[in-house]
Amino acid sequence: MTSPRLLLTRRVVQLLVGLFAYGIAISLMVRAGVGLSPWDVLAQGLSIKTGWAFGLITNVVGLVVLLFWIPLRQRPGLGTILNVLLVGPSAQLGLTIIPQQTELWAEVLMFAAGLALLAVATGLYIGPRMGPGPRDGLMTGLHARTGWPIWAVRTGIEVGVLVVGWILGGNVGLGTLAFALLVGPLCSVTLPFFAIRLPSAAATAEDAVERELEGTAEQATGPEAEQDAARFDVRDGILLESDAAARARTDRAARSTVIRSHQPDAGEPDAASTASRSPAFTIATYWLDDRLTRANRARVRA
C-alpha cells in the first residue's frame, strides 16, 4: 500500500509535469498559426496590443480571473495557484525554442501535436485533484451563484473572450474550431488514464490536508447550498464530478423515488445491463433525476 506522503509526492509531481506540458502545448498551437483556443486568442490579442510577452499576458489573465473567485466565494487549491504561475512561463519557453511554421502540412502537424499534448497535459494536471484552473473555477462559480446551466455559462464566457481576442488581433481560424470539437473527446481518454484515486484510509487520515490542497467551491451558505457546492466542474470541455459530490449524489439517489435502479429494494443491477449503459446515458439519467428532484422540492415548499 502506498504511503500518504509518497502518494502526495506523486500527485504534486504529476501536477507540475502536467502544467509544464500544458504551456508547451499552447506554444505548439501558437507556432502552428492556424487558430487557438478562446483564452489563448485573448492572450495573443492582448500581447499584440500591449507588447508584453505572451507568457506574461497568460499569467496576468489567469491572475485577473482568479480575483473574480473572491466574490464567488471560492478558495483556490494548490493546483489553481500553480496553474496561474507556471503555464505562462512554460508557454513562453516553448515559444522561444519552437519556430513559427509557414508550410501548411507543418502547421497542421504542429497544431495536431499541440492539441494531443494538451489533452495529455490536461489529464496529468487534473488527475491529482488539487484544484481547478482559474478559468474553470470562474465558470463553475458563476454556475453555482446564478443557477445558469454550465454549458450556458461556459459558452457565454468563451464566446465573449473569443470575440474580444479576435478584435485585438488574436488568431482565430480552423484550429479554433478543431479545438472546440476535439478537445473534449481527447480529454475523455486522458482524464481516466491519469486520474489518481486516494485509498479510503489515506483519504480519511489526510482529510484536512486534502481540503487545503484542493481548495473549495462553496459559493453560498445553508444546507442546500452546501449540497450543491462543488458538484460539477468543467475543465477543457469535460464535465467532471468531485469524489465528495459523487458520494453525495449516490446517497441522494439511494433515497430517490425517481430512478428505481438506485433504490435499496431494487437490488443490484446485473453486469450485462451495467456494461451496456454508456457514460452519456448515465449523465442524462442523473441530469433528469436532479431536475425532477428539484421540482419535487419546489412543490413541497409551495
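The values are calculated or read from the model by the stated rules, or taken from the named source; none is laboratory data. Only a predicted model underlies this, so the values are computations on that prediction, with no experimental measurement involved. Cβ atoms come from the backbone with ideal geometry, glycine included; neighbour counts cover every protein chain shown. Calculation scope for accessible area: heavy atoms of the full protein, side chains included, ligands and nucleic acids excluded. Shrake-Rupley method; radii C 1.70, N 1.55, O 1.52, S 1.80 Å.
Its residue count N fixes a reference of 2.2 N^0.38 Å for segment 110-178, and the Cα radius of gyration divided by that reference is 1.31.
Using C-alpha pairs below 8 Å separated by at least 6 residues, the relative contact order for segment 21-131 is 50 percent.
Across segment 44-176, the fraction of Cα-Cα pairs farther apart than 17 Å, rounded to a whole number, is 68%.
For segment 9-62, with equal point scatterers placed on the C-alpha atoms only and solvent neglected, what are the log10 I(q)/I(0) values from the Debye formula at q = 0.14, 0.26 1/Å, to two decimals? The calculated log intensity ratios at q = 0.14, 0.26 Å⁻¹ are -0.42, -1.02.
Simple spin-label estimate for Leu104 and Leu85 gives 4.5 nm between the two label positions (7 Å along the Cα-to-Cβ direction from each Cα).
The heavy atoms of Ile97 present about 120 square angstrom of accessible area, all protein chains included, probe 1.4 Å.
In this simple spin-label approximation, Ala113 and Thr9 carry label points 7 Å from Cα along the Cα→Cβ vector, and these lie 3.3 nm apart. With the simple model of a label 7 Å out from the Cα in the direction of the Cβ, Leu63 to Leu181 spans 3.8 nm.
Using the Cβ-Cβ distance between Ile167 and Thr146 with R0 set to 25 Å, the FRET efficiency works out to roughly 0.45.
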